[in-house]
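One structure is given below, encoded as structure tokens.
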Amino acid sequence: MTDTATMPQLVSFGRRLRRFMADRPLIPLIILLIILVAILQVLRPGIVNERWLANTAKFAIPLAILAGCQTMTMLTGGIDLSVGTVATMSAFIMATQIVNQDPTVAFLLAMMPAVLIGLVNGIGVGVFRVHPLIMTLGTSLIGTGFLQVYQRTVIASGARIPDFLNWLGTGVTYGFPNALLLFVPVAVLIVFMLNRTGFGRLLYAVGDNERAARLSGVRYWQVITALYVLSSLLAGITGLLYIGLIKAPSLSLAEPLVLPSVAAAVIGGTSIFGGRGGYTGTIIGALILTVLTTLLTILQMPEGGRRILFGLIVLFVTAAYLRIVEDR
Amino acid sequence: MTTNPLPQSPLLDATGVTKNYGAVAALRTASLSVLPGEVHALMGANGAGKSTLVKILTGAIKADAGRILIRGQQLDIRSPADARRAGLLPVYQEPALIPDLDVLSNLRLTGTPVEPFRAWVRELGIPDLDIRETARHIPLAILRVLDLARALAVEPDVLLLDEMTAALPANLAEKVLEVVRRQGDAGRSVIFISHRFVEISALCDRATVLRDGATVGVVDIEPGVEERIVEMMLGTRIEKTRVTARAANDLAVADGGRPRLSVRNLQLGTKLNDVSFDLANGEVAGVFALEGQGQDELFAALAGSIRPTGGTIDVDGAPVKFSHPSDAIQAGIAYVPGDRAEALAMQRSVRENIALPFSAALRKWGPIRMRREQMVVSSAIARLQIDTRAQGEVQRLSGGNQQKVTIARWIAAGARTILCFDPTRGIDVGTKQEIYKLLRELASQNKSVLFYTSEMEEVQRVCDRVIVIFGGRVVDTFPVEEADEAALMRAAYGLPRGAKADVGILAEVKPGSSAEAAS
């Protein structure tokens, strides 16, 4: 880290700045977030107020949790594309089962497909070495199919959003969205897990050099199976939160969040090749994407143009960020 | 330098071939002259420059200086295709057929005539080859023979065979040698690279010996010449290095009792045949071998990376079966691979790399006790004197420091037996010394080390005892006092010990008998 110290006079300011950024990758992200908010304030003076902040947080939170799933899987060199389907399934099952069931039973039923899909993903990737992209895409499609079958069986009973989820998803207490009650513990847990637990260490180690991990006695399939089950569980919980926010159960409820969740993790500095990254960056990445969406919405462009611009900005930001941070 | 000038002009004549990699000279003034109709052996110890010379001759890399004449014409060989046009065709150790194509498509790809190929395949002892078979499904030994047949089918002037008989069963090897011999009778030349004196004496007319990147001699193959060849390969280092027995050696003997590790009749495909030895507590046992004699497989099997196909391993007298490296680690056996990139998570910190084995087991997945970990890691870092200025990412460390991290990991984990595979490859002299010292220290703490090295000097510096492996067998075991360089080199080439005068060059090396003599 201090090899710049050997020849200080030769190191230009730009290089020192880059070195600084490389050691603290969060700083450029935070700067970008502040710039986006500033642009928003300039375009619509007064828009950035307490209500707007709470609203942004509400929409950023489900994205941030799903992006947490991506962060963890990407650290091992994987990806979890089934999070959208899992979240949708949990939400849909919860909303339909709550009509006739006890809330606890409905909750357990809602989390069942999450555990199942996570287990199948984990075994497929960890034991049978199917590529995570294919594996999770496959289980995602299968899950969607099952959901369609399930929908026919409950068509008569209808659906209802439980009050608690409604409160959690949309409620605001003293200016703070209630969703933070869920998000803060989840975020703390993920950050703690990645930095301070054996399991977290293994995620990084397996993603950096699987062979080295193996020679150190790590059993790959155990780590991967646990990881994908955990990822699916988080996705399931996100689904419950999201249905409280959107309030309209559908068969593609959380699907639009899947690719942004990958983008948030990548923008946050997690390498899709594994071994590098962390959750704090991902959270800021999710905030950036949410603010960006608002920004594009107020530009009053047609939907198509908005998407094109969104894609371009994500591409540009990611490429630029990696150039700044990857100091080598 | 030709000792026996013949009237013919050489078919291939390379002189003054030089190749530098940065400051390292891989070849300096190497020469090789091959006569028509000759089978010519190319010999040299590990790192003498054989493979560099071969790569230059076949156009895989370009020489910095030197002259290569083929049939008296100077040719500029820039690519393997150029070499092929000039009539020079190699058959390498690794099979060269494209695995996903069938044999016929592979032949078309290289423009090899099919009928002569079939004829050669039959000649080489494979009567029933299905030419439509996908290369992937053909066993390795057969693939190597097919590579040879493919080369023979285009009738090259000079055929270059690199360890041709290495992975072959005896009946195929015999056929191959027969065909190669006849190749010479037909007026074509063969350059034959081999570590096996038995084959060389049966097959070759002359041998060129390389040492430290230079040609040190060309000899006619005649009875008794292997002594001269060994001397040439060793050069001035032939004088006996005196090594005194170590104190730790006595300790190991005094310990008596059960050996820490006891390997019996270990077998692994064609790579390991019947390997047996013991490793005592408090001992550093060296494994010395030429490249590719089965040492990689031996270490992998002991580390639990691959399962042996036969034989037993006992740890502290109790039989074990390793199905995963974690089983070996459980038994206190740690493996330090030669390639550091294989052992380290390069983007992670020194601390995480050293502490990696701590978290491996399922029950250690919970919160890490950071203070305690810090203490254990720091003491390992201090013990190995790792330079931690760039500890944020292991990839920023120097090679020597990286190697120290791979060893520190197992010191911190308290492994009782360390399998070190060529741990000093490509690192600086200072760090080498530190590693030697460390291994001796471990032995004095009653830990045991199995230490593979390709440098003879290291055997004498570090080991109590040397196990020599040749062709997947333990061919000799001797205490370090007797392990002077000549003895090691002879043993590594499978030559029987102390039988210079009695045994002619054509005498078969009987691994069984020498292994008995050793134990």
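Just so you know, all these numbers are worked out from the coordinates, no wet-lab data involved. All of these numbers come straight from a predicted model, not from anything done at the bench. Every residue, glycine among them, receives a Cβ derived from its backbone with ideal geometry; neighbour counts consider all protein chains shown.
Mind running the shape call on region A:134-196? Use the C-alpha gyration tensor, a ≥ b ≥ c as the square roots of the eigenvalues: rounded below 1.5 for a/c, prolate if a/b tops b/c, oblate otherwise. Provide the component values of the computation, followed by the final result.
Working: a/c = 4.33, a/b = 1.29, b/c = 3.35.
Because a/c hits 1.5 or more and a/b fails to exceed b/c, region A:134-196 counts as oblate.
Based on the Cβ-Cβ distance from B:SER398 to A:PHE192, what FRET efficiency comes out when R0 is 35 Å, to the nearest 0.05?
Numbers: r = 34 Å, r/R0 = 0.96.
For B:SER398 and A:PHE192, the calculated efficiency is 0.55.
Let a ≥ b ≥ c be the square roots of the eigenvalues of the Cα gyration tensor of chain A; is it rounded (a/c under 1.5), or, if not, prolate (a/b larger than b/c) or oblate?
Numbers: a/c = 2.06, a/b = 1.24, b/c = 1.66.
Cα axes put chain A in the oblate bin.
Give a residue-ordered list of calculated ³J(HN,Hα) values for region B:409-420 (Karplus: 6.51 cos²θ - 1.76 cosθ + 1.60, θ = phi - 60°; whole Hz; x for Gly, Pro).
In residue order, the calculated couplings are 3, 7, 5, 4, 7, x, 5, 8, 10, 10, 9, 9 Hz.
When only Cα pairs under 8 Å and 6 or more residues apart are kept, what is the percent relative contact order across region A:48-325?
Working: 455 pairs, mean separation 98.0, N = 278.
Relative contact order for region A:48-325 comes out at 35 percent.
With θ set to phi - 60° and the Karplus curve 6.51 cos²θ - 1.76 cosθ + 1.60, what are the ³J(HN,Hα) couplings of region B:200-208 in order, to the nearest whole Hz, using x for Gly and Pro?
In residue order, the calculated couplings are 4, 5, 7, 10, 9, 8, 9, 9, 9 Hz.
Output the relative contact order of region B:340-415, whole-number percent, from Cα pairs under 8 angstrom with separation of 6+ residues.
Details: 75 pairs, mean separation 38.0, N = 76.
For region B:340-415, the relative contact order is 50 percent.
Find how many whole Å separate the alpha carbon centroid of region A:226-243 from the alpha carbon centroid of region B:95-166.
55
Under the definition of partner shielding as Cβ atoms of other protein chains within 10 Å of a residue Cβ, what is the mean value for peptide B:324-334? Mind dumping the intermediate values first?
Values: counts 5, 8, 6, 1, 2, 4, 1, 0, 0, 0, 3.
Partner-chain Cβ atoms within 10 Å, mean over residues of B:324-334: 3.
Residue-wise, which Karplus ³J(HN,Hα) couplings in Hz belong to region A:228-236, taking 6.51 cos²θ - 1.76 cosθ + 1.60, θ = phi - 60°, and x for glycine or proline?
Taking θ as phi minus 60°, the curve returns 6, 5, 4, 4, 5, 4, 4, 4, x Hz for region A:228-236.
To the nearest 500 deg cm²/dmol, what mean residue ellipticity at 222 nm is calculated for the protein assembly as shown from DSSP H runs of n ≥ 4 alone, each contributing -39,500 (n - 2.57), summed and divided by the residues? Please list the in-between numbers first.
On the way: 32 runs with 418 residues, N = 847.
That calculation yields -15500 deg cm²/dmol at 222 nm.
Straight-line reach from B:LYS62: which aspartates and glutamates have Cα under 17 Å away, leaving out those fewer than 8 places along the same chain?
B:ASP13, B:ASP76, B:ASP82
Please report the spacing between the Cα centers of region A:98-127 and region B:173-211 in Å, no decimals.
Using only Cα atoms, the two centres lie 68 Å from each other.
By how many degrees, between 0 and 90 and to the nearest 10, does the Cα long axis of helix B:370-384 differ from the longest principal axis of chain B?
Roughly 50 degrees, rounded to the nearest 10.
Let me have the relative contact order for region B:61-151, percent, based on Cα pairs under 8 Å that are six or more residues apart.
Values: 71 pairs, mean separation 29.0, N = 91.
Reported as a whole number, the value is 32 percent.
Taking the Cα centre of chain A as origin and charging only Cβ (+1 Lys, Arg; -1 Asp, Glu), how large is the dipole, in debye to the nearest 20? Walk me through the intermediate numbers first.
Values: 22 positive and 12 negative charges, 111 e Å.
Here chain A has a charge dipole of around 540 debye.
Run down the lysines and flag those whose C-alpha is under 18 Å from the C-alpha of A:LYS58, throwing out any fewer than 8 positions away in its chain.
Cross-link targets: A:LYS247.
If you average the alpha carbon positions of region B:428-478 and of region B:320-385, how far apart do those two centres end up, in angstrom?
23
Once you sort the root eigenvalues of the Cα gyration tensor of the protein assembly as shown as a ≥ b ≥ c, which label holds: rounded (a/c under 1.5), prolate (a/b larger than b/c) or oblate (the other case)?
Working: a/c = 2.21, a/b = 1.90, b/c = 1.16.
Because a/c hits 1.5 or more and a/b exceeds b/c, the protein assembly as shown counts as prolate.
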